[in-house]
Amino acid sequence: MNKILKRKYYALEIELISPLKVSNGQEIHSDSDVMRNGNGVLFIPGSSLAGAFRDYLGFSKDKECIMGYADGEKGYMSSVFISDLYFDNKGQNMPKVSLRDGVSLDDGKIVSNKFDMEIIETGAKGIIFLNIIIWENDSKSNMEQSLYNIFQGIQNGDIRFGSNKTRGFGRMKINNIFHAGFDKDSLYEWIGFMPHRTNLENNIYKIETYDDWLKNNNINKVETKYLKMSIPLKLSGGISIRRYSAMPGEADFEHITYTNAKGKKIPVIPGSSWNGAIRADVKEILGELGIQGEGRDDILENWFGYTDSKMKDKTAQSSKVVIAESTIEHSRMLPVFRNKINRFDASTKDGALYSELAYFGGDTCLEFLLYKDQEKQYLAIAGMLLLVIEDIKKGYVAVGGQTAVGRGIFEAGEDVKVKYSEEINEEDCSKELYNLIERYK
C-alpha cells in the first residue's frame, strides 16, 4: 500500500500587477462579465489556475507530472489540490471592477464591431491555497521543486491568467507565503489545523515574504521563459485612448484610467493599444526592408499571433511578444471643450459642447516580454523592436486616438537605453533580424 508520508500546505498572498479578465460567459453588466460566485465575490476557478500551472510546467494531460495525468487506463490523481482564488472583498482591499472597450477587426483591419468587457483592476489582492500530498513512492524533491517552479513562474510573469495575456493582462505577484507541514509524527497537529482559515497570522502557518522564502529555503532558481525589454519614455503632449462607457453627466470622452489603493485615478496605456501601433510600425519597416505580401504577413502573424488566419490554412497562434500595460506617472488631467459636430452633415450643434478629459505629460515605461524559443527567433524580434523603439523615441509612432492633432507621441533622450532582464548583445539581435530578412527576400 502506498502510504502518505507528509502533507504540506501553502497559502499564497497574491496581488494583481495588471488587470485581469476571467469571463463567466454572461452578459449582464457587459458583453463579457468577470467571474462571481453566488454572493457576488470575484474569483478565479481552481481549474483555471491548475490549467495555467500545467501549461507552464509543459505537460499535457496525458503526461505524468505533479498535476496528475490520464492516459487510457493509466493515470493517477493530482498530488496538488488547488483552491479557487477569492479576492478580498472588504475594506481597502475591495477589488475594483471596470469596463474596458474593445473592437473587432475584419480582414482589412477595419472596425467591424465594438464591445465592452469587465476587468478586475490592478491592485486586487487574494489568497491561493495549495495542499501537496507526498506519498511513500513519490520523489519528494522533484514534486516540491515543480511546485517551487510554479511559484517562481508567477513571480517572474511567466504564468499569467485569464484572457488577453499577451496584451498585458493577468499578471500577479506573490507578496507573502504561508506554509505548514505535517508528517506521521504530527498527526494531532494536522487534525486541528484549519488550512482555509481567514486569519492566517493566527494559524500555525509560518509566514515569509516571497524574497525571504526564496532565500531561506535554498530554492533552485528557475530560468524565466521570457526575455524582458523595457524603455522609459516621456509623454510629449496629450494622450487620448477612449473609455466609451462614461456615465451620464460625465465627460463625453475620458482617457482610460485605473483607480489605485488611495483612490487616485492613474492613466494607463493598454497593451492592445501599444500592440496596434507597434505592429503597424513593424509592418512598415518590413516593407522598407523589401518584405512584402505573404512574406510580410507571415512574419507579422508568427511574431504577433493570429486567429483563424487564411495564410496557409493556419487556425491560431499565440503572440510571441507580450506587451505590458503601461501606467503614466506625474501626468496632468485637463478638461478640454469644443463645439459638438453633427456627424451626418459635419455642422456644429447649436449650444452644444463636446467635453473631454485628457492627460498631458508624464513618465511611463514600455515593456516587452519575448518568448525565448529554441531557434532563438526572439533575438530577431528584439532586433526589430530596437528599430521600433528608435521610431517611438523620435516621435514617429503615435498611440491611441487623435494622433492627427499630436496626441499619443512619446520621446526619450539619445542617452536613454533599453534595459534587459539578462545580458544581450544588440549586435547579435541585429544579425538575427538581418538573416531572417534575407530568408524572406
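Observations on the model:
- Answer from Ser240, Ser318, Ser245 - the residue that is modelled with pLDDT under 90, within 25 Å of Ile120 (Cα to Cα) and open to solvent by less than 20 Å² (accessible area, probe 1.4 Å): Ser240
Condition check ((1) under 21 Å from Glu325 (Cα atoms); (2) assigned to a loop (DSSP other than H, G, I, E, B); (3) open to solvent by 50 Å² or more (accessible area, probe 1.4 Å); (4) in contact (Cβ under 8 Å) with a residue 24 or more places away in the chain) across all residues:
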| position | (1), (2), (3), (4) |
| --- | --- |
| Lys215 | no, no, yes, no |
| Ile219 | no, yes, no, yes |
| Thr224 | yes, yes, no, yes |
| Lys228 | yes, no, yes, yes |
| Tyr258 | yes, no, no, yes |
| Gly263 | yes, yes, yes, no |
| Val268 | yes, no, no, yes |
| Lys283 | no, no, yes, no |
| Ile291 | no, yes, no, yes |
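- Test: residue in region 24-33 that is over 30 Å from Arg242 (Cβ atoms) and either out of contact with any strand residue (DSSP E or B) (no Cβ under 7 Å at 6 or more places or on another chain) or touching a residue at least 60 places away in the same chain (Cβ under 8 Å) (or both): no
- The residues of region 73-121 that are open to solvent by less than 50 Å² (accessible area, probe 1.4 Å), at pLDDT 80 or above and in a strand (DSSP E or B), listed by number, are Val80, Ile82, Leu85, Phe87, Ser98, Arg100, Met117, Glu118, Ile119, Ile120.
- Pairing each residue of region 160-188 that is at positive phi with any residue that is of a type in the set (Val, Ile, Thr) and open to solvent by less than 10 Å² (accessible area, probe 1.4 Å), provided the two are 6+ apart or on different chains, yields C-beta distances under 7 Å for Gly168/Ile323.
- Residues that are part of a loop (DSSP other than H, G, I, E, B), of a type in the set (A, V, I, L, M) and at pLDDT 85 or above, drawn from region 1-45: Ile17, Val22, Met35, Val41
- Only one entry in Glu375, Glu390, Glu356 is open to solvent by less than 40 Å² (accessible area, probe 1.4 Å) and either farther than 14 Å from Ile231 by Cα or of a type outside the set (S, T, N, Q) (or both), namely Glu356.
- Residue count, region 394-409 (criterion: over 24 Å from the mean Cα position of the chain (by Cα) and either part of a helix (DSSP H, G or I) or hydrophobic (A, V, I, L, M, F, W, C) (or both)): 3
- Test: residue in region 142-163 that is part of a strand (DSSP E or B), within 26 Å of the chain's Cα centre (by Cα) and crowded, with 19+ Cβ neighbours inside 10 Å: no
- The numbered conditions (1) polar (S, T, N, Q); (2) over 20 Å from Gly162 (Cβ atoms); (3) modelled with pLDDT of 85 or more are all true for Ser48 except (2).
- Counted residues, region 418-430 - those being within 29 Å of Val222 (Cβ to Cβ) and in contact (Cβ under 8 Å) with a residue 24 or more places away in the chain: 9
- Complete set of residues in region 410-426 that are surrounded by fewer than 14 Cβ atoms within 10 Å (Cβ to Cβ) and closer than 18 Å to Asp391 by Cα: Gly413, Glu414, Asp415, Lys417, Lys419
- The test for being open to solvent by 30 Å² or more (accessible area, probe 1.4 Å), farther than 30 Å from Trp274 by Cβ and of a type in the set (S, T, N, Q) does not hold for Asn175.
The values are calculated or read from the model by the stated rules, or taken from the named source; none is laboratory data. Because the structure is a prediction, the values reported are computed rather than measured. Backbone-built Cβ (ideal geometry, glycine too); neighbour counts: all protein chains shown. For accessibility, only protein heavy atoms count, side chains too; no ligands or nucleic acids. Shrake-Rupley method; radii C 1.70, N 1.55, O 1.52, S 1.80 Å.
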